[in-house]
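Contents: one structure, followed by commentary.
The values are calculated or read from the model by the stated rules, or taken from the named source; none is laboratory data. Here the structure is a predicted model, which is why all the values come from computation and not from measurement. Here Cβ is always computed from backbone atoms with ideal geometry, including for glycine, and neighbour counts include all displayed protein chains. With ligands, DNA and RNA removed, areas are computed over all heavy atoms of the protein, side chains included. Shrake-Rupley method; radii C 1.70, N 1.55, O 1.52, S 1.80 Å.
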Amino acid sequence: MGGVCVAVDGGQSKVLVRVSGLAESIAVEGLGRLEGDLAAGLIARIHTALSSLAGGVPRIRRMVLGLTTIPATEPERRDLARRIAEAFSAAEVYLGGDALTAHAGAFGGAAGVVLTVGTGVACLGFDPATGDIRRVDGDGFLLGDTGAAFWIGSRGIEAVLRAADGRGGPTALTNACAQRFGEHAELAAHLHSLPRAVSAIAGFAVDVQAAALAGDAAARTIVAEAADELVHTAWAASAVMTTRPVHLALSGRVVAPGSALRGAIDARLRAEPHLVIVPAAGDPLDGAWALVADLGAGSGADRDDSAGEKTAALWAAYDRHMTGWSLQ
């Protein structure tokens, strides 16, 4: 079977695409659930990424996608996998939630909880000894994703609005908001009218964290509440584990080392000896790529030797949570 392998990490702030034979991944604009036909939007973004390659869109042998915007039902997921396969003439397409590929990247099929914090939350606990898996939150900005960038950014802007109309005290976030979004007599109306409002508001989390590190009371309160919620999320996911301590891998720019939120999480977990932070082996894109490689580590003509030494354990750990489509 000829063609390249492709891994996709489909997030709200950006979509990352990795292609076999290339050292660097390709980043394009992200995609949120409220942005029209999700399949069409995702296909367009992947096409933009692949079109930037020398020679244009290549023949695709196998594609694995980890998606924030994965459809809710199995028939919808199969339809999405089919549409992607047909759009790119890809022989095989597999997709799963971004929490799944984040876990594959962080633990490679081993036991642990992964907590990825970006615009939203992806949290998953998996114990290979039992096969038990638990996804926690990742419910989108309208109903969940508590403690993630949109949650933090929206509460930071709320503090600015409350300070402006007298419901709250002064905060350094007022100046930060003006610097990021400009001076607006009707700030809320301006933000609601932005074409990608969720991504824009999530971006303000950077300013909230900076203000928290500088000592702003409102920002520090927001970050502290976010840390409480994220630790609670991780604990909920750890309930499927049969051994202690539970390994917790953190990933995502919002909880990067040195950030105010990471410091707050670390402080809380120092008092929780049964939940221990460990380095993530890789990120969600690495997880999608590992699954692409493991699929190809079979035998005969279909073997992908570039994957190195692989076992069936990685794919077996996650396969019942993936949806696939083949054009063959």
- request: Assign one of three labels to region 36-166, namely rounded, prolate or oblate, based on the Cα gyration tensor with a ≥ b ≥ c the square roots of its eigenvalues; rounded applies when a/c is under 1.5, prolate when it is not and a/b is larger than b/c, and oblate otherwise.
  value: oblate
- prompt: So what is the relative contact order for region 120-197, in percent, with contacts set as C-alpha pairs under 8 Å and at least six apart?
  reply: 18 percent
field: Counted charge near Met241, where neighbours are those whose Cβ lies closer than 10 Å (Asp, Glu -1; Lys, Arg +1)
entry: 0
message: Explain nothing, just the number: relative contact order of region 1-122, from Cα pairs under 8 Å at least 6 residues apart, as a whole percent.
response: 25 percent
message: Let me spell out the model: positive unit charges on the Cβ of Lys and Arg, negative unit charges on the Cβ of Asp and Glu, origin at the Cα centre of region 68-174. What dipole size does that give, in debye rounded to 20?
response: 240 debye
field: Rounded accessible area per residue of the chain, 1.4 Å, Å²
entry: 44 Å²
field: Cα-derived Rg over Rh, computed across the chain with Rh taken as Kirkwood radius
entry: 1.00
message: For Cα pairs less than 8 Å apart in space and 6+ apart in sequence, what is the mean separation divided by the residue count of the chain, i.e. the relative contact order in percent?
response: 23 percent
query: Share of the chain's accessible area from carbon and sulfur, percent, 1.4 Å?
result: 53 percent
field: For the chain, calculated [θ]222 nm from helices alone, where every DSSP H run of n ≥ 4 adds -39500 (n - 2.57)
entry: -12500 deg cm²/dmol
